[in-house]
Amino acid sequence: MKKLLIIMNPCSGKKKANGKLAEIISIFNRGGYDVTTYMTASRGDATDVARERGQEFDVIVCIGGDGTFNEVISGLYALEKKPYVGYIPAGSTNDFASSLKLSKSILDAAKDIVVGTPRPLDIGQFNDRYFSYIASFGAFTKTSYATPQSLKNVLGHLAYVLASVKELASIRSHHLRFTLADGTVYEDDYIFGAISNSTSVAGILTLAPDLVDMNDGLFELLLIRKPHSLLELSDCVLALMTQEYSTAMLTLTSTQSVTVEAPADMSWTLDGEHADGAKLCTVVNLRDAVNVITNPK
C-alpha cells in the first residue's frame with residue numbers, strides 16, 4: 001500500500017471537516033493508502049511536520065484553509081524527494097482551491113485525490129518565505145478574513161464588495177516602486193497590490209481564467225492606485241462590482257520576478273497570513289515547484 005499522511009488543521013473554517021475525518025480515512029484506505037494522521041496544534045506546525053516527515057510518504061493531504069496549505073508547501077519545498085500533495089479545502093475563503101477548481105464537498109475532494117493525477121504548479125518565494133498563490137498588501141487583504149461568516153453565507157460575493165468599498169474610502173496608500181524581470185518600472189501611490197498565481201484573490205478580486213496559467217513560470221501583478229477624486233474612487237468601485245479591470249486606476253501585467261521598494265513598516269499578507277515587510281522585497285516565481293493532485297474532470 002502507498003503511504004499517505006493527513007496534516008489537518010482542526011480549527012479551520014467552521015471545523016466542518018472534523019466530523020468527517022473517519023470517512024475521509026476510509027476513502028483513502030479503500031483507495032489503497034495506508035493512512036497516518038497528524039493534527040496541527042499551533043502556527044508553523046504543518047511546516048515542521050511536512051519538512052521532517054515528508055519523504056516518508058507518497059502523498060501528503062492537507063485538510064484546512066489556504067494558510068495551512070501554505071505551511072505544508074513551505075515545509076516540502078526544500079525536500080530532495082517531494083511527495084505529491086492533495087488538498088481538501090476546509091477554510092473560510094479557499095482562494096487557491098477555487099483556482100484549482102477543487103470540490104467544495106469535503107468527501108468529494110477526498111475521492112478526487114484517490115482518482116486524480118498530479119499537476120505541476122508554481123509557487124512563490126517572498127524574501128525567505130514561500131507562498132502558494134498570493135503576496136499582497138493594502139486594501140482587501142483583510143476583508144475576506146474579517147467579514148463575518150454569516151454575512152458571507154447570506155450575501156456571497158456582495159458581502160466582500162460591501163466590505164471592500166468601505167475599505168477603499170478609508171485605506172491609507174503607500175508609495176512603492178516595482179521593478180519587473182524585464183526592467184519595467186511602476187512607481188506610484190498604491191492602496192492595493194497583489195503578486196499572485198490565482199484566479200481568485202482574497203475572495204473579492206477575480207482574474208479571467210485565460211489570464212492565469214498556474215504553471216507558466218509567471219505571476220500576475222495587480223496594482224490599484226490611490227484615488228484622488230470621487231470619479232477615480234467610483235472607477236475602483238465599478239471594477240470591483242463588475243470584475244472588469246480595464247480602468248486606468250489599475251495595472252495588470254505578468255512577470256517572472258519583481259523587486260519591491262516599500263516602506264519598511266508596511267506589512268504584507270502571504271496566502272492570508274501576516275508577513276513582516278522590508279524596504280526591499282524580492283519575489284520570485286518557482287516554476288513547477290510542487291505536484292498537486294487534481295481530478296482531470
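The values are calculated or read from the model by the stated rules, or taken from the named source; none is laboratory data. As the structure is a prediction and not an experimental result, all values here were calculated from the model. Every residue, glycine among them, receives a Cβ derived from its backbone with ideal geometry; neighbour counts consider all protein chains shown. We work out accessible area using only protein heavy atoms, side chains counted, and drop any ligands, DNA or RNA first. Shrake-Rupley method; radii C 1.70, N 1.55, O 1.52, S 1.80 Å.
Things to note:
- Protein accessible area in the chain, 1.4 Å probe - carbon and sulfur %: 50 percent
- Taken over the chain, the ratio of Cα radius of gyration to 2.2 N^0.38 Å equals 1.00.
- In a fully extended conformation the segment linking GLU261 and ARG30 would gain 78.0 nm over its present Cα-Cα distance, using 0.36 nm per residue.
- Close amide H pairs (under 5 Å, H built 1.01 Å from N) link ALA181 with GLN256, SER257, residues at least 5 positions away or on another chain.
- Computed over the chain, relative contact order equals 21 percent, with contacts defined as Cα pairs under 8 Å that lie 6+ residues apart.
- Heavy-atom accessible surface of the range 180-297, averaged per residue, reaches 44 Å², computed with a 1.4 Å probe.
- Gain on full extension, evaluated as 0.36 nm per residue between SER229 and VAL115 minus their Cα-Cα distance, stands at 35.7 nm.
- Charge context of PHE96, other residues only, Cβ under 10 angstrom, K/R +1, D/E -1: -3
- Under 5 Å between amide hydrogens, built in the peptide plane, is the criterion, and for SER200 it picks out SER99, LEU207 among residues at least 5 positions away or on other chains.
- Look at where the Cα atoms of the range 96-135 and of the range 213-234 average out, and the two centres are 23 Å apart.
- Assuming charge only on the beta carbon of Lys and Arg (+1) and of Asp and Glu (-1), the dipole of the chain about its Cα centre is about 1020 debye to the nearest 20.
- Taken about its Cα centre, the range 1-137 carries a charge dipole of roughly 380 debye when the Cβ of each Lys and Arg holds +1 and the Cβ of each Asp and Glu holds -1.
- A crude spin-label estimate for the pair LYS81 and GLU23, with each label 7 Å from Cα along the Cβ direction, gives 3.5 nm.
- Calculated mean residue ellipticity at 222 nm for the chain: -8000 deg cm²/dmol, from DSSP H runs with n ≥ 4 weighted as -39500 (n - 2.57), summed, divided by the residue count and rounded to 500.
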